[in-house]
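All of the numbers you see were taken from the coordinates with simple rules; none came from a lab. Because the structure is predicted, anything quoted here is derived from the model rather than measured. Neighbour counts run over all protein chains shown; Cβ positions are idealised from the backbone, glycine included.
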């Protein structure tokens, strides 16, 4: 039952992330030329994390992101069983969130789907690995000490806002395979054809962050 509650929490958190954050991108636009919409979208992603961290964080840890879950798996903070359960719940939540968003605003809005930077797969992968690395290593750092518990949600939310402020103009910022898959599934076309980039790159970034953080914090021999 405890595991089911954690998976349900991850489903809810990812559902809210896609509906509210991708929804903001769909409604206000996230073009670099549109400054207000750009910042609102970045803030929406960060604020969702803050809201969810303080509501479901004590249940599941509020990963709501496969890249975070794989980093926790590599760090030994998540079992393989829970990792599988989290991934399924996150993707299901993202799909449900995107379906709800499409019902509200239509897929013509783009549903906050990601896109390749200048059509370049290699550059897009590099960008997403870097963005995810920064986001995940911040999570690993702030959650490594119990005394940071009171501020962890704020720090993580602001870090996600930070990577969006830079990343939106490149790929729309994924750093989250589930968040990318949900909208792409309903938008179709190039968004769905290229979604593998936004699944693979964040996972690689998450693993790299876990390995680097483990090295940085390991005791000197």
| note | Taking the alpha-carbon centre of each part, the distance from the range 30-81 to the range 82-134 in Å is 12 Å
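Which shape class applies to the chain: rounded if a/c is under 1.5, otherwise prolate when a/b exceeds b/c and oblate if not, where a ≥ b ≥ c are the square roots of the Cα gyration tensor eigenvalues?
On the way: a/c = 1.58, a/b = 1.34, b/c = 1.17.
Prolate, since a/c reaches 1.5 and a/b exceeds b/c.
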| note | Measuring from the longest principal axis of the C-alpha atoms of the chain, the long axis of helix 149-167 (C-alpha) lies at a number of degrees, nearest 10, equal to 40 degrees
| query | Which order do peptides 67-80, 114-127, 168-181, 143-156 fall in by mean Cβ count within 10 Å, highest first? | reply | 168-181, 67-80, 114-127, 143-156
| message | With a cut-off of 8 Å between alpha carbons and a minimum separation of six or more residues, what is the relative contact order of the chain in percent? | response | 30 percent
| remark: Under a Gaussian network model of the chain whose springs join Cα atoms within less than 10 Å, the largest fluctuation of 141, 93, 57 belongs to 141
| For residue 5 and residue 146 in the same chain, what is the full-extension length gain: residue separation times 0.36 nm, less their Cα-Cα distance, in nm? | 48.5 nm
| query | Nearest 10 degrees, 0 to 90: what angle lies between the long axis of helix 197-217 and the longest principal axis of the chain (Cα atoms)? | reply | 30 degrees
| note | When the chain is treated as a Gaussian network with springs between alpha carbons less than 10 Å apart, the largest mean-square fluctuation among 40, 192, 211 is found at 211
| Degrees, to the nearest 10: 121-142 long Cα axis against longest axis of the chain | 40 degrees
| field | Simple label model, 7 Å out from Cα along Cβ direction - residue 190 to residue 100, nm | value | 3.0 nm
| If r is the Cβ-Cβ distance from residue 123 to residue 216 and R0 is 45 Å, what FRET efficiency results, to the nearest 0.05? | 0.95
